[in-house]
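Working notes, structure below.
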Amino acid sequence: MTQTKPDSHNRSSVPALQHLLLFLVALVVIVLDQASKYLIEARMPLNTTYAPIPALEAIFRITHVSNTGAAFGLFAQGGVLFMLVAAVVSVVIILYNFSLPRGFFLLRAALGLQLGGALGNLIDRIRLGHVTDFLDFGPWPVFNLADTSIVAGVVILGVLMLLEQRREAAAAAANQDSQPSGNKLPGGGSADFSPVVLPSSGFEEIHEGESRSQHG
């Protein structure tokens, strides 16, 4: 985001609570994610399905599956790699949070959602060797609350970036319109129609000489 250029003065004046917003959001996500996974692991055997609303079973089910890949069951053989990626991404998010100037609450919350989701699945990989998934919506791959949090954070971040780009474009257009640009031509250019002194053609002097000879 480029709403304000971060500098050392702005960073030093950021209240601690604003820095903590990232960690508070991430903590809430981790607690909800791990609590929901614990309930599934404790009450449902692996690879079993439960329909909490039988009439909507074709749309929504609870299906307990293990996932050694990325979110939504993608790249199932990359468990160790995704552990490293989650750790690196988490560090980058934390460092970026501390580089932000005062404000940017929604951006910090979006980063907190992503951090909480990444750490939630990382905890699974460390304690189980796989991620517990259980939210089963129709043909969509089974996922969990951590995956949902990551996607929500990415969506919010994308919306913020789009809004920022539009603000910058509007500000640039307004700045351009406020500057004097002379008389605009149909092709979009401009021209300066200030008075121009042309060289004498000699006609004035001849006419004046004839008038004097006639009166003389």
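The values are calculated or read from the model by the stated rules, or taken from the named source; none is laboratory data. Since we're looking at a predicted model, the values are computed, not measured. All Cβ positions, glycine included, derive from the backbone under ideal geometry; neighbour counts span all protein chains shown.
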Worksheet, complete the sentence: Note on region 143-160: residues over 19 Å from F60 (Cβ atoms) and surrounded by 13 or more Cβ atoms within 10 Å (Cβ to Cβ) are I150, G153, V154, I156, L157, L160
Worksheet item: Has region 137-144 got at least one residue that is in contact with a strand residue (DSSP E or B) (Cβ under 7 Å, 6 or more places away or on another chain) and aliphatic (A, V, I, L, M)?
Response: yes
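Table: residues versus (1) among the polar types (S, T, N, Q); (2) modelled with pLDDT of 95 or more; (3) part of a loop (DSSP other than H, G, I, E, B).
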| site | (1), (2), (3) |
| --- | --- |
| Q165 | yes, no, no |
| D177 | no, no, no |
| P180 | no, no, yes |
| G187 | no, no, yes |
| V197 | no, no, yes |
| S201 | yes, no, yes |
| S211 | yes, no, no |
Practice prompt. Scan region 5-27 for residues that are modelled with pLDDT under 80, of a type outside the set (K, R) and not in a helix (DSSP H, G or I) and jot them down.
Written response: P6, D7
Fill in: Filtered residues of region 101-150 (kept if part of a helix (DSSP H, G or I) and aromatic (F, W, Y))
F105
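Taking the criterion of being aliphatic (A, V, I, L, M), crowded, with 17+ Cβ neighbours inside 10 Å and at pLDDT below 85, would at least one residue in region 31-40 satisfy it?
For region 31-40, residues aliphatic (A, V, I, L, M), crowded, with 17+ Cβ neighbours inside 10 Å and at pLDDT below 85: absent.
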Worksheet item: Taking region 27-61 on its own, how many of its residues are under 35 Å from the mean Cα position of the chain (by Cα) and among the hydroxyl-bearing types (S, T, Y)?
Response: 2
Worksheet entry | Pair list, Cβ under 6 Å, 6 or more apart: region 80-99 residue modelled with pLDDT of 95 or more, other residue among the hydroxyl-bearing types (S, T, Y) and in a helix (DSSP H, G or I) | none
